[in-house]
Amino acid sequence: MFGLIGFTLLLIVMLFFREALDFYVNSANLGRGSPTAVIDTILSIQVFT
């Protein structure tokens, strides 16, 4: 049972970090500064948790 819960949490974390990475790349491609993208990503993580 614990293994199933752990696997589910791991999957959610992996999906979230993939979305965060895509967001970071898209922000960089739009010409925004990396620090801004990092700050936005951190804020997104805080909202997510």
Could you run through region 3-20 and say how many residues are touching a helix residue (DSSP H, G or I) at 6+ places or on another chain (Cβ under 9 Å) and either surrounded by fewer than 11 Cβ atoms within 10 Å (Cβ to Cβ) or among the acidic types (Asp, Glu) (or both)? 1
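Condition check ((1) at pLDDT below 75; (2) of a type in the set (D, E, K, R)) across all residues:
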residue	(1), (2)
Phe16	no, no
Glu19	no, yes
Asn29	yes, no
Arg32	yes, yes
Thr36	yes, no
Thr41	yes, no
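The values are calculated or read from the model by the stated rules, or taken from the named source; none is laboratory data. For clarity, every value in this text was computed on a predicted model and none was experimentally measured. Quick reminder, even Gly has a Cβ in these numbers, built from the backbone with ideal geometry, and neighbours come from all protein chains shown.
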